[in-house]
Ligand code: AMP
(Lines give C-alpha, C1' and ligand atoms only; values in the text may rest on other atoms or scores of the structure.)
Protein backbone atom coordinates (compact mmCIF):
# COMPACT_ATOMS: atom_id res chain seq x y z
CA UNK A 1 0.00 0.00 0.00
CA UNK A 2 1.55 3.26 -1.01
CA UNK A 3 0.59 6.88 -1.00
CA UNK A 4 3.45 8.60 -2.84
CA UNK A 5 3.20 12.07 -1.35
CA UNK A 6 2.42 10.94 2.19
CA UNK A 7 5.18 8.34 2.14
CA UNK A 8 7.76 10.87 0.96
CA UNK A 9 6.80 13.91 3.04
CA UNK A 10 5.09 12.74 6.21
CA UNK A 11 6.03 9.12 7.02
CA UNK A 12 9.70 10.12 7.64
CA UNK A 13 8.53 12.40 10.48
CA UNK A 14 7.92 9.33 12.65
CA UNK A 15 10.48 9.13 15.40
CA UNK A 16 11.81 12.62 14.70
CA UNK A 17 12.09 14.30 18.06
CA UNK A 18 13.93 17.38 16.85
CA UNK A 19 11.88 20.48 16.00
CA UNK A 20 10.02 20.46 12.72
CA UNK A 21 8.20 23.76 13.26
CA UNK A 22 9.76 26.59 15.25
CA UNK A 23 7.08 29.10 16.19
CA UNK A 24 7.62 32.85 16.82
CA UNK A 25 6.93 32.30 20.54
CA UNK A 26 9.94 29.99 20.69
CA UNK A 27 7.70 26.96 21.09
CA UNK A 28 8.57 24.06 18.81
CA UNK A 29 6.66 21.11 17.39
CA UNK A 30 8.70 17.98 16.77
CA UNK A 31 8.39 15.91 13.61
CA UNK A 32 6.79 13.08 15.57
CA UNK A 33 4.43 15.48 17.35
CA UNK A 34 3.39 16.98 14.03
CA UNK A 35 2.79 13.55 12.50
CA UNK A 36 0.47 12.76 15.41
CA UNK A 37 -1.48 15.96 14.69
CA UNK A 38 -1.75 14.86 11.06
CA UNK A 39 -2.96 11.39 12.08
CA UNK A 40 -5.60 12.75 14.46
CA UNK A 41 -6.95 15.12 11.83
CA UNK A 42 -7.01 12.30 9.29
CA UNK A 43 -9.26 10.33 11.66
CA UNK A 44 -11.52 13.39 12.01
CA UNK A 45 -11.79 13.62 8.22
CA UNK A 46 -12.59 9.92 7.91
CA UNK A 47 -15.24 10.23 10.64
CA UNK A 48 -16.72 13.19 8.72
CA UNK A 49 -17.24 10.86 5.76
CA UNK A 50 -14.29 11.91 3.60
CA UNK A 51 -13.68 9.33 0.88
CA UNK A 52 -10.64 9.08 -1.39
CA UNK A 53 -10.98 11.67 -4.16
CA UNK A 54 -13.24 13.95 -2.09
CA UNK A 55 -12.18 17.58 -1.89
CA UNK A 56 -11.38 19.21 1.44
CA UNK A 57 -11.50 23.00 1.09
CA UNK A 58 -9.64 25.10 3.64
CA UNK A 59 -9.96 28.85 3.97
CA UNK A 60 -8.02 29.19 7.18
CA UNK A 61 -5.22 31.28 8.63
CA UNK A 62 -1.71 29.88 8.49
CA UNK A 63 -1.01 27.76 11.56
CA UNK A 64 0.64 24.41 12.35
CA UNK A 65 -2.87 22.86 12.34
CA UNK A 66 -3.54 24.26 8.86
CA UNK A 67 -0.40 22.56 7.58
CA UNK A 68 -1.40 19.37 9.40
CA UNK A 69 -4.76 19.53 7.59
CA UNK A 70 -2.85 19.31 4.29
CA UNK A 71 -1.03 16.20 5.52
CA UNK A 72 -4.27 14.71 6.81
CA UNK A 73 -6.03 15.32 3.49
CA UNK A 74 -3.20 13.52 1.68
CA UNK A 75 -3.34 10.63 4.20
CA UNK A 76 -7.06 10.09 3.59
CA UNK A 77 -6.59 10.12 -0.19
CA UNK A 78 -8.55 13.36 -0.40
CA UNK A 79 -7.79 16.35 -2.62
CA UNK A 80 -6.61 19.34 -0.59
CA UNK A 81 -8.09 22.64 -1.74
CA UNK A 82 -6.56 25.64 0.02
CA UNK A 83 -8.29 28.98 -0.55
CA UNK A 84 -6.87 32.47 -0.31
CA UNK A 85 -7.99 33.95 3.00
CA UNK A 86 -8.84 37.19 1.17
CA UNK A 87 -11.72 35.63 -0.81
CA UNK A 88 -15.17 36.95 0.11
CA UNK A 89 -18.42 34.99 0.39
CA UNK A 90 -19.47 35.52 -3.25
CA UNK A 91 -16.15 34.09 -4.42
CA UNK A 92 -16.43 31.18 -1.98
CA UNK A 93 -19.85 30.44 -3.43
CA UNK A 94 -18.24 29.91 -6.82
CA UNK A 95 -15.41 27.71 -5.48
CA UNK A 96 -17.77 25.56 -3.42
CA UNK A 97 -20.14 25.15 -6.37
CA UNK A 98 -17.30 24.29 -8.72
CA UNK A 99 -15.29 21.95 -6.50
CA UNK A 100 -18.18 20.53 -4.39
CA UNK A 101 -15.93 19.67 -1.43
CA UNK A 102 -17.08 17.23 1.25
CA UNK A 103 -15.69 19.52 3.94
CA UNK A 104 -15.03 23.23 4.28
CA UNK A 105 -12.60 24.33 6.98
CA UNK A 106 -12.97 28.00 7.92
CA UNK A 107 -12.41 30.47 10.73
CA UNK A 108 -15.19 30.52 13.35
CA UNK A 109 -15.68 34.24 12.60
CA UNK A 110 -16.77 33.26 9.06
CA UNK A 111 -19.21 30.47 9.93
CA UNK A 112 -22.31 32.66 9.88
CA UNK A 113 -21.50 33.90 6.38
CA UNK A 114 -20.25 30.61 4.93
CA UNK A 115 -22.50 27.95 6.48
CA UNK A 116 -25.49 28.70 4.20
CA UNK A 117 -23.24 28.54 1.11
CA UNK A 118 -21.64 25.32 2.27
CA UNK A 119 -25.06 23.80 2.96
CA UNK A 120 -26.25 24.76 -0.53
CA UNK A 121 -23.28 23.00 -2.10
CA UNK A 122 -23.39 19.97 0.19
CA UNK A 123 -20.23 20.71 2.19
CA UNK A 124 -19.95 20.21 5.92
CA UNK A 125 -18.31 23.11 7.81
CA UNK A 126 -15.68 22.66 10.51
CA UNK A 127 -13.85 25.56 12.12
CA UNK A 128 -10.15 26.13 12.54
CA UNK A 129 -9.02 29.49 13.93
CA UNK A 130 -5.68 31.22 13.62
CA UNK A 131 -4.71 30.06 17.13
CA UNK A 132 -5.56 26.43 16.30
CA UNK A 133 -8.85 26.43 18.23
CA UNK A 134 -12.14 25.25 16.74
CA UNK A 135 -14.21 22.18 15.86
CA UNK A 136 -11.37 20.48 14.09
CA UNK A 137 -8.97 20.54 17.01
CA UNK A 138 -11.72 19.59 19.47
CA UNK A 139 -12.72 16.64 17.32
CA UNK A 140 -9.07 15.59 17.02
CA UNK A 141 -8.68 15.18 20.77
CA UNK A 142 -8.86 11.53 21.68
CA UNK A 143 -8.35 10.34 18.09
CA UNK A 144 -5.51 7.85 17.48
CA UNK A 145 -2.09 9.39 16.95
CA UNK A 146 -1.24 7.09 14.05
CA UNK A 147 -2.96 6.51 10.74
CA UNK A 148 -2.56 4.14 7.82
CA UNK A 149 -2.55 6.30 4.71
CA UNK A 150 -5.07 5.41 2.01
CA UNK A 151 -3.34 3.90 -1.03
CA UNK A 152 -3.00 6.28 -3.96
CA UNK A 153 -1.34 6.15 -7.36
CA UNK A 154 1.15 8.64 -8.75
CA UNK A 155 -1.51 10.05 -11.07
CA UNK A 156 -4.18 10.49 -8.41
CA UNK A 157 -4.97 14.06 -7.42
CA UNK A 158 -3.42 15.43 -4.24
CA UNK A 159 -4.56 19.05 -4.53
CA UNK A 160 -6.57 21.56 -6.49
CA UNK A 161 -5.36 25.15 -6.43
CA UNK A 162 -7.48 27.85 -7.99
CA UNK A 163 -5.49 30.15 -10.23
CA UNK A 164 -5.53 33.83 -9.38
CA UNK A 165 -8.00 34.34 -12.25
CA UNK A 166 -6.77 37.61 -13.65
CA UNK A 167 -8.94 37.00 -16.71
CA UNK A 168 -12.38 35.47 -16.37
CA UNK A 169 -13.24 32.96 -13.71
CA UNK A 170 -10.62 31.33 -11.60
CA UNK A 171 -9.82 27.76 -12.70
CA UNK A 172 -8.98 24.83 -10.42
CA UNK A 173 -5.57 23.42 -11.34
CA UNK A 174 -5.54 19.66 -10.63
CA UNK A 175 -2.19 18.56 -9.21
CA UNK A 176 -1.27 14.91 -8.87
CA UNK A 177 1.00 13.18 -6.39
CA UNK A 178 3.58 12.80 -9.18
CA UNK A 179 3.37 16.49 -10.14
CA UNK A 180 4.11 17.65 -6.61
CA UNK A 181 6.65 15.02 -5.73
CA UNK A 182 8.69 15.24 -8.93
CA UNK A 183 8.97 19.00 -8.51
CA UNK A 184 9.96 18.83 -4.84
CA UNK A 185 12.60 16.20 -5.69
CA UNK A 186 14.04 18.38 -8.45
CA UNK A 187 14.21 21.44 -6.17
CA UNK A 188 15.75 19.60 -3.20
CA UNK A 189 18.53 18.45 -5.51
CA UNK A 190 19.01 21.71 -7.32
CA UNK A 191 18.97 23.92 -4.25
CA UNK A 192 20.94 21.40 -2.12
CA UNK A 193 18.41 21.07 0.67
CA UNK A 194 19.38 18.72 3.53
CA UNK A 195 18.13 17.79 6.98
CA UNK A 196 20.39 20.54 8.34
CA UNK A 197 18.32 23.25 6.67
CA UNK A 198 15.94 25.50 8.53
CA UNK A 199 13.64 27.35 6.17
CA UNK A 200 12.27 30.71 7.27
CA UNK A 201 8.64 30.36 6.17
CA UNK A 202 6.73 33.63 5.99
CA UNK A 203 4.68 32.92 2.84
CA UNK A 204 0.95 32.18 2.81
CA UNK A 205 0.14 28.46 2.47
CA UNK A 206 -2.89 28.79 0.18
CA UNK A 207 -0.53 29.31 -2.78
CA UNK A 208 1.83 27.00 -4.64
CA UNK A 209 4.88 28.98 -3.48
CA UNK A 210 4.26 28.70 0.27
CA UNK A 211 2.63 25.27 0.30
CA UNK A 212 4.44 23.27 -2.33
CA UNK A 213 7.73 24.97 -3.10
CA UNK A 214 8.46 25.81 0.53
CA UNK A 215 6.76 23.10 2.62
CA UNK A 216 7.18 20.14 0.26
CA UNK A 217 10.86 20.89 -0.29
CA UNK A 218 11.49 21.31 3.43
CA UNK A 219 9.54 18.17 4.38
CA UNK A 220 11.14 16.07 1.65
CA UNK A 221 14.64 17.07 2.76
CA UNK A 222 13.70 16.41 6.42
CA UNK A 223 14.62 19.93 7.42
CA UNK A 224 12.82 22.28 9.80
CA UNK A 225 10.84 25.49 9.33
CA UNK A 226 10.60 28.72 11.29
CA UNK A 227 6.85 29.08 10.95
CA UNK A 228 5.65 32.71 10.79
CA UNK A 229 1.91 33.41 10.47
CA UNK A 230 2.74 36.07 7.86
CA UNK A 231 5.54 38.27 6.59
CA UNK A 232 6.65 41.00 8.96
CA UNK A 233 10.09 42.47 8.32
CA UNK A 234 10.92 42.98 12.01
CA UNK A 235 9.84 39.42 12.87
CA UNK A 236 11.85 38.02 9.95
CA UNK A 237 14.95 39.87 11.14
CA UNK A 238 14.38 38.64 14.70
CA UNK A 239 14.02 35.00 13.69
CA UNK A 240 16.47 34.89 10.79
CA UNK A 241 19.40 33.79 13.02
CA UNK A 242 17.65 30.42 13.43
CA UNK A 243 17.31 29.87 9.68
CA UNK A 244 19.60 28.78 6.87
CA UNK A 245 17.31 29.45 3.89
CA UNK A 246 14.56 31.89 3.08
CA UNK A 247 12.03 31.81 0.25
CA UNK A 248 10.13 34.94 -0.58
CA UNK A 249 8.30 37.03 -3.11
CA UNK A 250 10.13 40.15 -4.34
CA UNK A 251 8.24 42.41 -1.92
CA UNK A 252 9.82 40.51 1.00
CA UNK A 253 13.23 41.52 -0.26
CA UNK A 254 12.37 45.15 -0.90
CA UNK A 255 10.88 45.38 2.61
CA UNK A 256 13.91 43.72 4.19
CA UNK A 257 16.15 46.19 2.38
CA UNK A 258 14.30 49.01 4.13
CA UNK A 259 15.43 47.55 7.47
CA UNK A 260 18.87 48.81 8.53
CA UNK A 261 19.33 45.55 10.49
CA UNK A 262 19.79 43.71 7.20
CA UNK A 263 23.56 43.50 6.93
CA UNK A 264 26.31 41.13 6.00
CA UNK A 265 26.65 40.18 9.66
CA UNK A 266 22.97 39.58 10.34
CA UNK A 267 22.77 37.20 7.36
CA UNK A 268 26.21 35.58 7.65
CA UNK A 269 24.77 32.22 8.79
CA UNK A 270 22.40 31.95 5.79
CA UNK A 271 22.92 29.54 2.92
CA UNK A 272 20.38 30.70 0.37
CA UNK A 273 17.73 33.31 -0.45
CA UNK A 274 15.19 32.36 -3.14
CA UNK A 275 12.72 34.65 -4.90
CA UNK A 276 9.77 33.96 -7.16
CA UNK A 277 6.09 34.46 -8.02
CA UNK A 278 6.72 37.91 -9.51
CA UNK A 279 9.70 39.57 -11.22
CA UNK A 280 12.56 40.55 -8.94
CA UNK A 281 13.92 43.90 -10.07
CA UNK A 282 17.59 43.72 -11.07
CA UNK A 283 17.97 46.74 -8.81
CA UNK A 284 16.67 44.78 -5.79
CA UNK A 285 19.02 41.91 -6.65
CA UNK A 286 21.98 44.32 -6.73
CA UNK A 287 20.95 46.18 -3.58
CA UNK A 288 20.55 42.90 -1.66
CA UNK A 289 23.96 41.70 -2.85
CA UNK A 290 25.57 44.98 -1.83
CA UNK A 291 24.07 44.81 1.66
CA UNK A 292 24.42 41.10 2.42
CA UNK A 293 26.80 39.65 -0.21
CA UNK A 294 24.05 37.15 -1.18
CA UNK A 295 22.90 36.81 -4.76
CA UNK A 296 19.20 36.05 -4.52
CA UNK A 297 18.38 32.93 -6.53
CA UNK A 298 15.38 33.70 -8.75
CA UNK A 299 13.14 30.94 -10.06
CA UNK A 300 9.97 30.85 -12.16
CA UNK A 301 6.86 28.75 -11.97
CA UNK A 302 3.11 28.82 -11.84
CA UNK A 303 0.22 27.06 -10.14
CA UNK A 304 -0.42 24.80 -13.14
CA UNK A 305 3.17 23.73 -13.68
CA UNK A 306 4.89 23.95 -10.29
CA UNK A 307 8.41 25.28 -10.77
CA UNK A 308 9.70 25.49 -14.33
CA UNK A 309 13.10 27.16 -14.29
CA UNK A 310 15.68 28.23 -11.73
CA UNK A 311 18.91 30.14 -11.68
CA UNK A 312 21.79 27.80 -10.84
CA UNK A 313 22.95 27.08 -7.31
CA UNK A 314 26.63 27.05 -8.22
CA UNK A 315 26.81 28.86 -11.54
CA UNK A 316 26.14 32.56 -12.12
CA UNK A 317 22.77 33.84 -10.90
CA UNK A 318 21.76 36.37 -13.51
CA UNK A 319 19.62 39.23 -12.26
CA UNK A 320 16.57 39.81 -14.43
CA UNK A 321 16.49 36.17 -15.56
CA UNK A 322 14.87 33.05 -14.15
CA UNK A 323 17.62 30.68 -15.21
CA UNK A 324 17.35 27.26 -16.84
CA UNK A 325 14.66 24.56 -17.03
CA UNK A 326 14.63 22.21 -14.03
CA UNK A 327 15.95 18.71 -14.71
CA UNK A 328 13.23 16.69 -16.47
CA UNK A 329 11.34 19.83 -17.55
CA UNK A 330 11.26 20.92 -21.19
CA UNK A 331 10.77 24.58 -22.08
CA UNK A 332 10.31 26.04 -25.57
CA UNK A 333 9.45 29.49 -26.90
CA UNK A 334 7.07 29.74 -29.82
CA UNK A 335 5.40 32.42 -31.90
CA UNK A 336 2.92 31.72 -34.67
CA UNK A 337 3.30 27.97 -34.11
CA UNK A 338 7.08 28.04 -34.72
CA UNK A 339 9.97 27.98 -32.28
CA UNK A 340 11.57 31.42 -32.24
CA UNK A 341 15.23 32.13 -32.99
CA UNK A 342 17.53 32.61 -29.97
CA UNK A 343 17.09 36.11 -28.58
CA UNK A 344 13.56 36.52 -29.99
CA UNK A 345 10.43 36.75 -27.86
CA UNK A 346 8.06 33.78 -27.82
CA UNK A 347 5.27 32.29 -25.74
CA UNK A 348 6.69 30.01 -23.03
CA UNK A 349 5.52 26.38 -23.30
CA UNK A 350 6.33 23.64 -20.79
CA UNK A 351 6.22 19.84 -20.78
CA UNK A 352 7.23 17.44 -18.03
CA UNK A 353 6.15 15.55 -14.91
CA UNK A 354 5.56 18.91 -13.21
CA UNK A 355 2.70 19.90 -15.55
CA UNK A 356 -0.77 19.58 -13.99
CA UNK A 357 -3.53 17.17 -14.96
CA UNK A 358 -5.84 19.91 -16.29
CA UNK A 359 -8.45 22.32 -14.97
CA UNK A 360 -11.07 20.79 -12.70
CA UNK A 361 -14.23 20.13 -14.72
CA UNK A 362 -13.10 22.38 -17.56
CA UNK A 363 -11.81 20.02 -20.25
CA UNK A 364 -12.29 22.64 -22.96
CA UNK A 365 -10.21 25.22 -21.06
CA UNK A 366 -7.54 22.58 -20.49
CA UNK A 367 -7.52 21.73 -24.20
CA UNK A 368 -7.15 25.43 -25.11
CA UNK A 369 -3.94 25.65 -23.09
CA UNK A 370 -2.32 22.38 -24.22
CA UNK A 371 -0.57 21.83 -27.55
CA UNK A 372 -1.07 18.63 -29.56
CA UNK A 373 2.35 17.40 -28.44
CA UNK A 374 1.66 17.85 -24.75
CA UNK A 375 3.14 21.26 -23.91
CA UNK A 376 1.28 23.61 -21.58
CA UNK A 377 0.99 27.15 -22.92
CA UNK A 378 1.86 29.30 -19.91
CA UNK A 379 0.67 32.63 -21.30
CA UNK A 380 4.02 34.13 -20.33
CA UNK A 381 6.35 35.62 -22.91
CA UNK A 382 10.06 34.96 -22.72
CA UNK A 383 13.38 35.25 -24.44
CA UNK A 384 16.63 33.30 -24.05
CA UNK A 385 19.71 35.40 -23.48
CA UNK A 386 23.12 34.71 -25.02
CA UNK A 387 23.82 31.98 -22.45
CA UNK A 388 20.43 30.31 -22.51
CA UNK A 389 19.03 31.94 -19.38
CA UNK A 390 15.29 32.53 -19.66
CA UNK A 391 14.10 36.08 -19.28
CA UNK A 392 10.39 36.68 -18.62
CA UNK A 393 9.28 39.51 -20.86
CA UNK A 394 5.69 39.72 -19.64
CA UNK A 395 2.30 38.09 -19.92
CA UNK A 396 0.79 37.44 -23.36
CA UNK A 397 -2.34 39.24 -22.24
CA UNK A 398 -0.31 42.24 -21.03
CA UNK A 399 1.09 42.69 -24.50
CA UNK A 400 0.08 46.13 -25.75
CA UNK A 401 -0.78 46.40 -29.43
CA UNK A 402 -0.67 50.04 -30.39
CA UNK A 403 -1.32 51.05 -33.96
CA UNK A 404 -0.69 47.40 -34.89
CA UNK A 405 2.74 47.28 -33.23
CA UNK A 406 3.62 45.04 -30.29
CA UNK A 407 4.96 46.61 -27.12
CA UNK A 408 6.20 44.45 -24.24
CA UNK A 409 5.42 46.44 -21.10
CA UNK A 410 8.38 44.96 -19.23
CA UNK A 411 10.83 46.53 -21.70
CA UNK A 412 9.30 49.95 -21.10
CA UNK A 413 9.18 49.38 -17.33
CA UNK A 414 12.86 48.50 -17.30
CA UNK A 415 13.70 51.76 -19.05
CA UNK A 416 11.53 53.78 -16.67
CA UNK A 417 12.78 52.07 -13.51
CA UNK A 418 16.33 53.33 -13.97
CA UNK A 419 15.35 56.97 -14.52
CA UNK A 420 16.63 59.01 -11.55
CA UNK A 421 13.85 59.58 -9.03
CA UNK A 422 11.87 56.50 -10.12
CA UNK A 423 11.42 53.52 -7.80
CA UNK A 424 9.32 51.32 -10.06
CA UNK A 425 6.62 51.41 -12.70
CA UNK A 426 3.82 49.48 -14.34
CA UNK A 427 3.11 49.88 -18.03
CA UNK A 428 -0.32 49.02 -19.41
CA UNK A 429 -2.33 49.42 -22.60
CA UNK A 430 -5.43 51.60 -22.48
CA UNK A 431 -8.18 51.97 -25.08
CA UNK A 432 -7.30 54.75 -27.53
CA UNK A 433 -9.57 56.07 -30.27
CA UNK A 434 -6.78 56.30 -32.81
CA UNK A 435 -4.25 53.58 -31.92
CA UNK A 436 -6.65 50.96 -30.58
CA UNK A 437 -4.48 50.78 -27.49
CA UNK A 438 -2.03 53.32 -26.16
CA UNK A 439 0.93 52.71 -23.89
CA UNK A 440 0.40 54.22 -20.44
CA UNK A 441 2.78 54.30 -17.47
CA UNK A 442 2.03 54.30 -13.76
CA UNK A 443 5.16 55.47 -11.98
CA UNK A 444 6.16 55.25 -8.31
CA UNK A 445 8.79 57.85 -7.33
CA UNK A 446 11.64 57.01 -4.97
CA UNK A 447 10.95 58.10 -1.39
CA UNK A 448 11.73 61.81 -1.11
CA UNK A 449 11.91 62.32 -4.90
CA UNK A 450 9.32 64.36 -6.77
CA UNK A 451 9.90 63.80 -10.47
CA UNK A 452 7.45 65.17 -13.05
CA UNK A 453 5.78 62.54 -15.23
CA UNK A 454 6.62 64.43 -18.42
CA UNK A 455 10.26 64.77 -17.37
CA UNK A 456 10.54 61.01 -16.73
CA UNK A 457 9.08 60.28 -20.16
CA UNK A 458 11.53 62.76 -21.71
CA UNK A 459 14.46 60.79 -20.26
CA UNK A 460 13.46 57.56 -22.02
CA UNK A 461 12.48 59.30 -25.26
CA UNK A 462 15.79 58.59 -26.94
CA UNK A 463 16.05 55.03 -25.59
CA UNK A 464 12.89 53.51 -27.02
CA UNK A 465 11.21 53.62 -30.39
CA UNK A 466 8.47 56.19 -30.41
CA UNK A 467 5.63 53.64 -30.56
CA UNK A 468 6.90 52.05 -27.32
CA UNK A 469 6.99 55.30 -25.40
CA UNK A 470 4.08 55.89 -23.03
CA UNK A 471 1.64 58.42 -24.45
CA UNK A 472 0.93 59.52 -20.88
CA UNK A 473 2.00 58.72 -17.35
CA UNK A 474 0.79 59.26 -13.80
CA UNK A 475 2.67 59.25 -10.50
CA UNK A 476 1.30 57.19 -7.62
CA UNK A 477 2.53 56.31 -4.12
CA UNK A 478 2.41 52.54 -4.62
CA UNK A 479 1.34 49.95 -7.20
CA UNK A 480 -1.61 47.71 -6.33
CA UNK A 481 -0.21 44.25 -5.49
CA UNK A 482 -1.75 40.99 -4.39
CA UNK A 483 -0.41 38.93 -1.48
CA UNK A 484 2.08 37.20 -3.77
CA UNK A 485 3.61 40.52 -4.78
CA UNK A 486 2.12 40.52 -8.28
CA UNK A 487 1.20 43.93 -9.64
CA UNK A 488 -2.52 43.95 -10.37
CA UNK A 489 -2.54 45.34 -13.86
CA UNK A 490 -6.23 44.61 -14.36
CA UNK A 491 -6.97 47.01 -11.50
CA UNK A 492 -4.75 49.66 -13.09
CA UNK A 493 -6.42 49.18 -16.48
CA UNK A 494 -9.83 49.63 -14.84
CA UNK A 495 -8.73 52.74 -12.93
CA UNK A 496 -7.35 54.54 -15.98
CA UNK A 497 -9.63 53.00 -18.64
CA UNK A 498 -11.07 56.31 -19.84
CA UNK A 499 -7.79 58.25 -19.94
CA UNK A 500 -7.52 58.47 -23.73
CA UNK A 501 -11.12 57.88 -24.67
CA UNK A 502 -12.64 60.48 -22.40
CA UNK A 503 -14.70 57.84 -20.52
P1 AMP B 1 0.81 31.75 -9.93
O2 AMP B 1 0.08 30.70 -10.66
O3 AMP B 1 -0.05 32.56 -9.02
O4 AMP B 1 2.01 31.21 -9.23
O5 AMP B 1 1.36 32.79 -11.00
C6 AMP B 1 2.23 32.36 -12.00
C7 AMP B 1 2.74 33.52 -12.78
O8 AMP B 1 3.59 34.34 -11.97
C9 AMP B 1 3.61 33.09 -13.93
O10 AMP B 1 2.84 32.68 -15.04
C11 AMP B 1 4.42 34.36 -14.18
O12 AMP B 1 3.67 35.27 -14.95
C13 AMP B 1 4.59 34.93 -12.78
N14 AMP B 1 5.90 34.60 -12.22
C15 AMP B 1 6.25 33.60 -11.38
N16 AMP B 1 7.56 33.64 -11.07
C17 AMP B 1 8.08 34.69 -11.75
C18 AMP B 1 9.37 35.29 -11.86
N19 AMP B 1 10.40 34.81 -11.18
N20 AMP B 1 9.50 36.35 -12.67
C21 AMP B 1 8.46 36.86 -13.35
N22 AMP B 1 7.21 36.37 -13.28
C23 AMP B 1 7.01 35.30 -12.48
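For the stretch 149-169, name all the residues that are part of a loop (DSSP other than H, G, I, E, B) and within 15 Å of the chain's Cα centre (by Cα).
Kept after step one, since they are part of a loop (DSSP other than H, G, I, E, B), are these residues of the stretch 149-169: 149-156, 163-169.
Residues satisfying the conditions are 163, 164, 165, 166.
Answer with yes or no whether residue 374 is out of contact with any helix residue (DSSP H, G or I) (no Cβ under 7 Å at 6 or more places or on another chain) and either in the same structural domain as residue 79 (by TED's automatic domain parsing) or exposed (fewer than 13 other Cβ atoms within 10 Å of the Cβ) (or both).
On the way: out of contact with any helix residue (DSSP H, G or I) (no Cβ under 7 Å at 6 or more places or on another chain): yes; either in the same structural domain as residue 79 (by TED's automatic domain parsing) or exposed (fewer than 13 other Cβ atoms within 10 Å of the Cβ) (or both): yes.
So residue 374 fits the description; yes.
Among the residues of the stretch 308-321, which ones are in a strand (DSSP E or B) and more than 9 Å from the ligand (Cβ to nearest atom)?
Keep residues of the stretch 308-321 that are in a strand (DSSP E or B), which gives 308-310.
Answer for the stretch 308-321, where residues must be in a strand (DSSP E or B) and more than 9 Å from the ligand (Cβ to nearest atom): just 310.
Quick one: residue 155 ticks every box in (1) surrounded by fewer than 21 Cβ atoms within 10 Å (Cβ to Cβ); (2) modelled with pLDDT under 95; (3) touching a strand residue (DSSP E or B) at 6+ places or on another chain (Cβ under 8 Å) except a single one, so which number is it?
(2)
Do you know which residues across the stretch 417-468 are on the phi > 0 side of the Ramachandran plot and touching a strand residue (DSSP E or B) at 6+ places or on another chain (Cβ under 8 Å)? Before the answer, list the steps.
Start the filter on the stretch 417-468 by keeping residues that are on the phi > 0 side of the Ramachandran plot, which leaves 421, 436, 448.
Once the filter is applied, which keeps residues that are on the phi > 0 side of the Ramachandran plot and touching a strand residue (DSSP E or B) at 6+ places or on another chain (Cβ under 8 Å), the stretch 417-468 yields 421, 436.
Anything in the stretch 322-347 that is on the phi < 0 side of the Ramachandran plot, in contact with a strand residue (DSSP E or B) (Cβ under 8 Å, 6 or more places away or on another chain) and in a loop (DSSP other than H, G, I, E, B)? List them, or say none.
322, 326, 329, 340, 342, 344, 345
Within the stretch 1-43, how many residues turn out to be under 26 Å from residue 178 (Cβ atoms), without any contact (Cβ under 8 Å) to a residue 40 or more places away in the chain and over 27 Å from the mean Cα position of the chain (by Cα)?
1
Just give me the residues in the stretch 284-297 being more than 17 Å from residue 391 (Cβ to Cβ) and not in a helix (DSSP H, G or I), in sequence order. Break it down stepwise before answering.
Step one: list which residues in the stretch 284-297 are more than 17 Å from residue 391 (Cβ to Cβ), which gives 287-294.
Residues satisfying the conditions are 293, 294.
Residue 423: assigned to a strand (DSSP E or B), away from the ligand (no atom under 16 Å from the Cβ) and surrounded by fewer than 19 Cβ atoms within 10 Å (Cβ to Cβ), yes or no?
Values: assigned to a strand (DSSP E or B): yes; away from the ligand (no atom under 16 Å from the Cβ): yes; surrounded by fewer than 19 Cβ atoms within 10 Å (Cβ to Cβ): yes.
Spelling it out, residue 423 is indeed assigned to a strand (DSSP E or B), away from the ligand (no atom under 16 Å from the Cβ) and surrounded by fewer than 19 Cβ atoms within 10 Å (Cβ to Cβ).
I'd like to check something: does the stretch 278-299 contain any residue that is farther than 29 Å from residue 252 by Cβ, away from the ligand (no atom under 13 Å from the Cβ) and at pLDDT below 95? Spell out how you get there, then give the answer.
So the first thing to find is which residues in the stretch 278-299 are farther than 29 Å from residue 252 by Cβ, and the list is none.
For the stretch 278-299, residues farther than 29 Å from residue 252 by Cβ, away from the ligand (no atom under 13 Å from the Cβ) and at pLDDT below 95: absent.
Regarding the stretch 459-470, can at least one residue be identified that is within 15 Å of residue 395 (Cβ to Cβ) and more than 16 Å from the ligand (Cβ to nearest atom)?
Looking only at the stretch 459-470, we keep the residues that are within 15 Å of residue 395 (Cβ to Cβ), and these are none.
Looking through the stretch 459-470, none of the residues is within 15 Å of residue 395 (Cβ to Cβ) and more than 16 Å from the ligand (Cβ to nearest atom).
Quick one: residue 258 ticks every box in (1) within 16 Å of the ligand (Cβ to nearest atom); (2) over 21 Å from the mean Cα position of the chain (by Cα) bar one, so which box is it?
In the conditions (1) within 16 Å of the ligand (Cβ to nearest atom); (2) over 21 Å from the mean Cα position of the chain (by Cα), residue 258 misses (1) alone.
Could you tell me which of the residues 144, 149 is crowded, with 20+ Cβ neighbours inside 10 Å, touching a helix residue (DSSP H, G or I) at 6+ places or on another chain (Cβ under 9 Å) and over 16 Å from residue 96 (Cβ atoms)?
149
The values are calculated or read from the model by the stated rules, or taken from the named source; none is laboratory data. In this text the structure is predicted, and so the values were computed from the model without any measurement. Don't worry about glycine lacking a Cβ; one is built from the backbone with ideal geometry, like all the others, and counts go over all protein chains shown.
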